[in-house]
Ligand code: ADA
């Protein structure tokens, strides 16, 4: 996968990004025509990319076929796809090798007995919606299609490493870590073999034993715990990382970890035993010229802007971001909230009780935790956003997701973003309460349209939390904001869509939330404007969600400077 550092020094990895042959298939009937054996014609596109950025395909929904020829030494290959939108079907030399659902999570397909020489890989990406879609059609982002992140073929030899999660516990003083490895190995040979498996964290070997794995089989292994003394903690001002090198006779995997503790206590959030106020923005990994195929160089630019504003955290609204972005956050000590694209208003009551959808969500949580487990920057797992948590039928799925994330997600806080502050029934499954609300922009039953509605909200929610027995949990304002059309200025007060009104609203909210005793953080909606779906027909001038404090090309609006002033003051920067 694309990372900030080298992942393998023994394993040979064939990069498959770059030029692919591409053909659209509006009716998705290419398979009947035998396209899985080779595309009859096609343009050249550069992967990763979204087809919507090709001329004439902005609103195309259907299937896109991709063909790529490559050479290999043969043996066992693991094809790694970082993101295909949304249903991917893959063929190697005309033979179907697998399928994957979900636009934003990575997947791998292992194929044994590949011959040495040239081969043809075909991918069909299908971004249509149906009743089982996840997300559902109605979202407040654009439905891009295509192969949006990088593709690789890994040549696996002998006992190979598919996964190595480093689990750890810290002592009270944060100087000692008790560490062990949760390994997943695969024997890429047909016969049973034995190989030494060695795991080194920094300079310390924490495991070095011979392991036997049957031919073409997987083996999960939990290594014994080892104590590491005098460790350097990963923190926002000192993002110390340790390199983890895992090797076998024939394979290797290099990753980075950081030791840190996140917990809640008496309405507070503690990072490494110290109270922290989360000062953040919601960010879509989207750009009008690139869609979700977001270039790493621009990620760095976004991060520079976000850090300059004094933020210490980002919410990856509303789906898992790419690993290279998480590497950047790990390196810079920025805290991250990672979630799956279960975007509320789009999911009807029927959808929320549909077992296929519930299972798809669970699977996305599994993939998110599988690939992102080692990133110290992730401190929050988001279960879902704005689904109807006022109804009891959302409890079982919330409970299921919560348990999974707590059991397999490492040391992280679990939450959901709720837009039902006064009647949510699922907040019991939140380590922190997270509220999305838009007084001053949308109208609710109790709105007066004035910014002082927010002052009323603060007291009203205090009562609600007390009534439900949740008043020991810290509260985060996970979304609030107002749209502003970049360049539209008004000398009058409170003129909607003006840069001034957005600034006024954000200033009011930030100052109020910052001084509210039970609130421990803010994620402004949103970092920059995003292209949205035509189904969002109200309130979305230009088919963009204009609540960015920067425009979609990252030019700051007036509120950017206000947020910068306030966030820097709150964090003493
Ligand atoms: C919701 C949602 C966001 C965005 C926002 C808005 O809270 O979670 O994705 O749609 O509203 O702009 O209205």
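Readers should treat all values here as calculations from the given coordinates under stated rules, not as data from a laboratory. These numbers come from a predicted model, not from an experiment. Glycine also receives a Cβ, built like all others from the backbone with ideal geometry; neighbour counts cover every protein chain displayed.
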Legend entry - Mean Cα-pair separation over length for the chain, i.e. relative contact order, pairs under 8 Å, 6 or more apart, %: 12
Legend entry - Residue order, fewest to most beta carbons within 10 Å, for 404, 154: 404, 154
Inset, instruction - For the range 1-73 and the range 512-573, write down the distance between their C-alpha centroids in whole Å. - result: 35
Legend entry - Kirkwood Rh, Cα atoms: Rg over Rh of the range 12-156: 0.96
Legend entry - Surface/4 of the Cα convex hull for the range 95-187, nm²: 10.9
Inset, instruction - State the Kirkwood hydrodynamic radius of the range 405-531 in Å, one decimal place, computed from all pairs of distinct Cα atoms. - result: 15.7
Inset, instruction - Kindly give the semi-axes, whole Å and largest first, of the ellipsoid equivalent to the range 333-394, taking each as the square root of 5 times a Cα gyration tensor eigenvalue. - result: 25, 13, 8
Inset, instruction - Can you tell me the order of 7-13, 22-28 when each peptide is scored by its average per-residue count of other Cβ atoms within 10 angstrom, highest first? - result: 22-28, 7-13
Inset, instruction - Can you pull a Stokes-Einstein diffusion coefficient for the range 274-570 at 25 °C (0.890 mPa s), Rh from Kirkwood over Cα pairs, as a whole number of µm²/s? - result: 126
Inset, instruction - Restricting to the chain, compute how many DSSP beta bridges are antiparallel as a %, nearest 5. - result: 75
Legend entry - Tensor-based shape of the range 477-573 (alpha-carbon gyration tensor, a/c under 1.5 rounded, otherwise prolate or oblate): prolate
Legend entry - Calculated diffusion of the chain, Stokes-Einstein form, Kirkwood radius summed over Cα pairs, 10 °C and 1.306 mPa s, µm²/s: 64
Inset, instruction - Whole number please: convex hull volume per residue, Cα atoms of the range 159-250, in Å³. - result: 89
Inset, instruction - Determine, for each peptide in 564-570, 472-478, 380-386, 409-415, the mean count of other beta carbons within 10 angstrom over its residues, then list the peptides with the highest first. - result: 380-386, 472-478, 409-415, 564-570
Inset, instruction - Could you calculate the FRET efficiency of residue 307 with residue 270 from 1/(1 + (r/R0)^6), where r is the beta carbon distance between them and R0 is 25 Å, rounded to 0.05? - result: 0.65
Legend entry - Full-stretch length increase - residue 359, residue 565 - with 0.36 nm per residue and alpha-carbon distance subtracted: 69.8 nm
Inset, instruction - Give the peptides 387-393, 227-233, 288-294 in descending order of average Cβ contacts within 10 Å, highest first. - result: 288-294, 387-393, 227-233
Inset, instruction - Divide by every residue of the chain the summed helix terms, -39500 (n - 2.57) for each DSSP H run of at least 4, and state the resulting mean residue ellipticity at 222 nm, rounded to the nearest 500 deg cm²/dmol. - result: -6000 deg cm²/dmol
Inset, instruction - Report the dimensions of the range 1-52 along its three principal axes from the alpha-carbon atoms, largest first, rounded to Å. - result: 42, 25, 16
Legend entry - Span from the the range 370-444 Cα centroid across to the the range 186-205 one, whole angstrom: 37
Inset, instruction - Report the FRET efficiency, 1/(1 + (r/R0)^6), for residue 249 and residue 393, where r is their Cβ-Cβ distance and R0 is 56 Å, rounded to 0.05. - result: 0.60
Inset, instruction - Return, ordered by residue number, the residues of the range 11-27 whose backbone nitrogen is under 20 Å from a label point located 7 Å along Cα→Cβ of residue 296. - result: 11-20
Inset, instruction - Set the Förster distance to 35 Å, then compute FRET efficiency between residue 203 and residue 14 from the Cβ-Cβ distance, nearest 0.05. - result: 0.65
